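The values are calculated or read from the model by the stated rules, or taken from the named source; none is laboratory data. The structure presented is a predicted model; accordingly, all values stated were derived computationally and were not measured. Note: ideal-geometry Cβ built from the backbone for every residue, glycine included; neighbour counts use all protein chains shown.
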Amino acid sequence: MMKVKDGDLDKLGLLYERYNRSLFSFFYRKTRQPQLSEDLVQSVFERMLKYRTTYSGTGAFTTWMFSIARNAHIDHYRKEKRRKEDEILDEERIEGENPSGYAELDERSRKRILLEQALDQLDDDKKDVVILSRFEGLRYQEIAEIQGVSESAVKVRMFRAMKELKDIVSTLSEEYTNE
């Protein structure tokens, strides 16, 4: 990134090759929409180029990158709210509906579906902590920098998120079993 900052813009392609899958995974876990996730990845790299002079090189590159990613996600949904499109998306997605064919799925697939649905029910800060920590492998200190809070706040969010996830998964599991 330091080379990109210094004007060697071709190196941004290298960064894209190295980090686009990780960013896509981050966005997909937040949105469950492949096309939107792809668009947000592109937005992150556009912002990296635009704001390359703000990169200091003092912390981990991934911390800076995921900070941009988090802001891109927030900005996207702010624009969506203004357009009232997220009301349409909410109507298309019926909460608590048993996925078709759920009973026929193997145990691993059932657990994955339950976890995805439970993760969708967390607030954004908790969801970000879980995704960045468990799926992207970032340390709590890096997540704290991304979210602009202390490391202890991240630990508290993670603890609460894991407790909430456990409760939600348990509730959903009971609902699906009884149907």
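Yes/no matrix, rows are residues, columns are (1) polar (S, T, N, Q); (2) in a helix (DSSP H, G or I); (3) at pLDDT 85 or above:
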| residue | (1), (2), (3) |
| --- | --- |
| 111 | no, yes, no |
| 122 | no, no, yes |
| 134 | no, yes, yes |
| 142 | no, yes, yes |
| 152 | yes, yes, yes |
| 162 | no, yes, yes |
| 168 | no, yes, yes |
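Determine the pairs where a residue that is in the same structural domain as residue 115 (by TED's automatic domain parsing) and buried (at least 16 other Cβ atoms within 10 Å of the Cβ), located within the stretch 151-171, has a partner that is among the aromatic types (Phe, Trp, Tyr) and assigned to a helix (DSSP H, G or I) with Cβ atoms under 7 Å apart, the partner being 6 or more residues away or on another chain. Correct list of pairs: 154/140. If you go through the stretch 3-19 and keep only what is among the acidic types (Asp, Glu) and part of a loop (DSSP other than H, G, I, E, B), you end up with 6, 8, 10. More than 30 Å from residue 119 (Cα to Cα) and among the hydroxyl-bearing types (Ser, Thr, Tyr) - does that describe any residue in the stretch 6-17? So far as the stretch 6-17 goes, no, none of its residues is more than 30 Å from residue 119 (Cα to Cα) and among the hydroxyl-bearing types (Ser, Thr, Tyr). With respect to the conditions (1) at pLDDT 85 or above; (2) surrounded by 15 or more Cβ atoms within 10 Å (Cβ to Cβ), residue 148 falls short on a single one, namely (2).
Residues in the stretch 50-73 that are surrounded by fewer than 12 Cβ atoms within 10 Å (Cβ to Cβ) and not in a loop (DSSP other than H, G, I, E, B) were compared, and the one that is modelled with the highest pLDDT is 50.
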